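Notes for the one structure printed next.
The values are calculated or read from the model by the stated rules, or taken from the named source; none is laboratory data. Keep in mind that what you see is a predicted model, and the values were worked out from it rather than measured. All Cβ positions, glycine included, derive from the backbone under ideal geometry; neighbour counts span all protein chains shown. We work out accessible area using only protein heavy atoms, side chains counted, and drop any ligands, DNA or RNA first. Shrake-Rupley method; radii C 1.70, N 1.55, O 1.52, S 1.80 Å.
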Amino acid sequence: MDYLKLAKDYNTPFYIYDFDKIKERFIMLKDAFKARKSQIFYAVKANSNLSILKLLISLDSGFDCVSAGEIYRALKAGAKNYKIIFSGVGKSADELKYALDQNILYINLESQEEMLLLEQIAKENQKVARISIRVNPNVDAKTHPYISTGLHENKFGVDIESAKKMYIYAKNSQFLEPVGVHFHIGSQILDISSIHEASIIVAKLVKELLALKINIKFFDIGGGLGVCYKDEQEPNLYEFAQGILASLQGLDVCVGMEPGRFLVANAGEFVTKVLYEKFNDKKRFVVVDGAMNDLLRPSLYGAYHEIKLLNEDSEKSLCDIVGGICESGDFLAKDRMLGKTKAGDLVIVKSAGAYGFSMSSNYNSRNRVCELACENGKVKMIRKRESYEEQIALELECLKD
């Protein structure tokens, strides 16, 4: 990759994604489940760029959306409505109606209250809402507490007994059709035994539902497969799939899965430029033109991203790589060994394809960066760099009042 040419042609900072690697990861995961009916629903929240969605559509991906905006994006990229599912704890009435109007595959319900609201909306519009219920199996995903979702202390899903009552209610409703069951216990999971444990618990529920003549067609295991950011050992996909399939013996269901990070994290890099170095007492700072508004994960989670200095050849010393935002929490990395830098040197932040641009903001009135894609050795722009005019466009009309 000729980073210097890219920086010259597109300026910095920017994201760049390897589309060939995304394809490779998708096919690897799909092949692991080839012994059973399966459908990948890409988690749009990980990276929602339309070109990435279009790439995945070409691979027959479905989409897991957590807002009406994500459903809109998926449809705009060319997704089929019957390959879209709608998840999330806080769906509004307007969002539920939008999903119903688009006739998507199913809506993942998170509570009794949400089910009753959807039933009311379906009744008012004389439609039948296909549903799945997110079950919280109370299994520890052994991951960062901010991205753990499968314990009763988390806000997501309902317990087994509550789910069973909801399914019985839905079966007897004229406006609800239960077609799936769903669980998702967390993100960046490296110990797959926790997912297998959850799958056994939820498969038992499905068998009980079938005995009640509730025909579950989709068994959605969520996402959360971990990736290597530093020195982690990624899960073995064959063992992952075999554990899931073993729990489903005797069940004729389609396995749904919602990978996001797994497909795109290590296919993306964030490239930023050194502005200057500074020292406070003995503390060394490398100040770059990228910042926490561009890549929030290090500030939000203390997340680790490998940092590489292009053409590094000098003796290394400890430093913090920081941006220009007026927050002490504005950093891309802390206490890293890095060679001496000068203005204009390029710094490459690895594993930035997931929850990078999708979590970016205009904080400090900074423009969002551009996004590039590399496919078959060719680079193209897939989102142009924002301008100040575009940043304030929605506010200008209000000044006239």
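Per the listing Leu53, Leu105, the residue uniquely of a type in the set (A, V, I, L, M), at negative phi and free of Cβ contacts under 8 Å to residues at least 40 places away in the same chain is Leu53. The set of residues in the range 16-56 being part of a strand (DSSP E or B) and over 16 Å from the mean Cα position of the chain (by Cα) consists of Ile16, Asp18, Ser38, Gln39.
Somewhere in the range 346-357, is a residue open to solvent by 80 Å² or more (accessible area, probe 1.4 Å) and out of contact with any helix residue (DSSP H, G or I) (no Cβ under 8 Å at 6 or more places or on another chain)? No, that holds for no residue. Being farther than 28 Å from Phe19 by Cβ, in contact with a Lys or Arg (Cβ under 6 Å, 6 or more places away or on another chain) and not small (Gly, Ala, Ser) is true of Asp320.
Entry remark, the range 1-15: residues being in contact (Cβ under 8 Å) with a residue 60 or more places away in the chain and part of a loop (DSSP other than H, G, I, E, B) number 4 in total.
Take Ile52 and decide whether it is open to solvent by less than 10 Å² (accessible area, probe 1.4 Å) and more than 27 Å from Arg130 (Cα to Cα). Yes: the conditions hold for Ile52. Across the range 100-129, the qualifying residues are those that are crowded, with 17+ Cβ neighbours inside 10 Å and among the acidic types (Asp, Glu), and the one among them that is modelled with the lowest pLDDT is Glu110.
Condition first: assigned to a strand (DSSP E or B) and either of a type in the set (Ser, Thr, Tyr) or out of contact with any Gly (no Cβ under 7 Å at 6 or more places or on another chain) (or both). Now tell me which residues in the range 311-330 satisfy that.
Step one: list which residues in the range 311-330 are assigned to a strand (DSSP E or B), which gives 316-322.
Passing the criteria: Ser317, Leu318, Cys319, Asp320, Ile321, Val322.
For Leu225, are the conditions met, namely being buried (at least 18 other Cβ atoms within 10 Å of the Cβ), out of contact with any Cys (no Cβ under 9 Å at 6 or more places or on another chain) and either of a type in the set (Lys, Arg) or within 18 Å of Ile85 (Cα to Cα) (or both)? It would help to see each step written out before you state the result.
Numbers: buried (at least 18 other Cβ atoms within 10 Å of the Cβ): yes; out of contact with any Cys (no Cβ under 9 Å at 6 or more places or on another chain): yes; either of a type in the set (Lys, Arg) or within 18 Å of Ile85 (Cα to Cα) (or both): no.
Here the answer is no, as Leu225 does not meet what is asked.
With the structure loaded, tell me whether Leu318 is on the phi < 0 side of the Ramachandran plot, out of contact with any strand residue (DSSP E or B) (no Cβ under 7 Å at 6 or more places or on another chain) and surrounded by fewer than 17 Cβ atoms within 10 Å (Cβ to Cβ) or whether it fails that test. Judged against the criteria, Leu318 is not a match. Would you mind stating whether Glu161 is under 20 Å from Glu110 (Cβ atoms), in the same structural domain as Ser132 (by the TED database), open to solvent by 40 Å² or more (accessible area, probe 1.4 Å) and without any contact (Cβ under 8 Å) to a residue 24 or more places away in the chain? Here the answer is yes, as Glu161 does meet what is asked. Taken together, Lys308, Lys334 contain a single residue that is open to solvent by 40 Å² or more (accessible area, probe 1.4 Å), closer than 12 Å to Val349 by Cβ and outside any loop (DSSP other than H, G, I, E, B), which is Lys308. The residue of the range 256-286 that is nearest to the chain's Cα centre (by Cα), among those that are open to solvent by 20 Å² or more (accessible area, probe 1.4 Å) and not charged (D, E, K, R), is Asn266. So is Gly377 on the phi > 0 side of the Ramachandran plot, assigned by the TED database to the domain that holds Asp289 and surrounded by fewer than 21 Cβ atoms within 10 Å (Cβ to Cβ) or not? Yes: the conditions hold for Gly377.
Note on the range 233-284: residues that are assigned to a loop (DSSP other than H, G, I, E, B), touching a residue at least 60 places away in the same chain (Cβ under 8 Å) and not small (Gly, Ala, Ser) total 4.
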